[in-house]
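This report concerns only the one structure given below.
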Amino acid sequence: MSRLEDPHDGDGPAWRHRALSKSLSAARSRAEQRVQRLLDAAFDLIDERGTTEFTIQEVVERSKQSLRGFYQYFDGKDELLFALLEESIRESAADIRQAVEAESEPIARLRAFTIRLHEWCEPLGKRRKRGAHNRFPLSEFSLQIAIRDPERVAAVMGPISRLLVDLLDAAATAGAIHVADTQRAAVLIQQTVMYGWLMNRLVPNPRLRVTAEDAWAFCLHGLGA
């Protein structure tokens, strides 16, 4: 018997590794499908009701799964909502990057980032421009979780934050903007844009609310461009 087929070999025969790999891959695929059905069901409930006021049992019934199955993947409702928030942020990050990559000049790329981020952060009713789902309830949830666990939210926002820093570094290197600290500038831009939707809710006259172009003009001035 060859070493490869030796049952006493600590590494095990190659066929065993192949069989186990296929088994694990199949199990992972089934688990991913079950989780996706739970996420889809929760998104459907949010879209229908415009709120996160639903029960785990309603999600389970709509996804045609068991309560026991739900708790195999999520510790509770907050964990489910955070997963929905992550999905929404992942979708927005991909869309923002696509908008940026359609431009070639440093300032145009920064503008594309700022405008598209503002559109993603304006989730109110029919004025929503981006995304497959109603993000307003998740935006409210994000504020709650940010207070309790800011590091977790910051980690999820990481790809968007890093993209902005890269854009600012490139623009500074090209001499298109004049800032001493691009990381701090990135924080200021994100804070200016991302929470504009919250403050806009306090402005009763729609014509006085901050638009994407308003936010970009303000940020551009701050960058010394």
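Numbers at a glance
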read-out	value
Lone qualifier among GLY222, GLY131 - being surrounded by fewer than 19 Cβ atoms within 10 Å (Cβ to Cβ) and at positive phi	GLY131
Residue count for the range 170-187, restricted to those that are surrounded by fewer than 17 Cβ atoms within 10 Å (Cβ to Cβ), in contact with a helix residue (DSSP H, G or I) (Cβ under 7 Å, 6 or more places away or on another chain) and not in a loop (DSSP other than H, G, I, E, B)	2
Near pairs, Cβ below 7 angstrom, 6+ apart or cross-chain, from the range 145-170 (within 14 Å of PHE82 (Cβ to Cβ)) to any residue that is of a type in the set (Ser, Thr, Tyr) and in a helix (DSSP H, G or I)	VAL153/SER142
The listed residue being aromatic (Phe, Trp, Tyr), touching a residue at least 40 places away in the same chain (Cβ under 8 Å) and open to solvent by 30 Å² or more (accessible area, probe 1.4 Å), out of PHE82, PHE136, PHE113	PHE136
LYS126, sole failed condition from (1) at pLDDT 85 or above; (2) assigned to a helix (DSSP H, G or I)	(1)
Residue list for the range 185-203, filter: without any contact (Cβ under 8 Å) to a residue 60 or more places away in the chain and either touching a Pro at 6+ places or on another chain (Cβ under 9 Å) or over 18 Å from PHE136 (Cβ atoms) (or both)	ALA185, ALA186, VAL187, LEU188, GLN191, THR192
Qualifying residue in the range 157-166 (condition: more than 18 Å from ALA93 (Cβ to Cβ), at pLDDT 90 or above, open to solvent by less than 80 Å² (accessible area, probe 1.4 Å) and in a helix (DSSP H, G or I))	no
ASP149 vs. criteria open to solvent by 70 Å² or more (accessible area, probe 1.4 Å) and of a type outside the set (Lys, Arg)	no
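The values are calculated or read from the model by the stated rules, or taken from the named source; none is laboratory data. Keep in mind that this is a model prediction, so the values were computed, not measured. Cβ: placed from backbone, ideal geometry, glycine included. Neighbour counts: every protein chain shown. All accessible areas refer to the heavy atoms of the entire protein, side chains included, with ligands and DNA or RNA removed. Shrake-Rupley method; radii C 1.70, N 1.55, O 1.52, S 1.80 Å.
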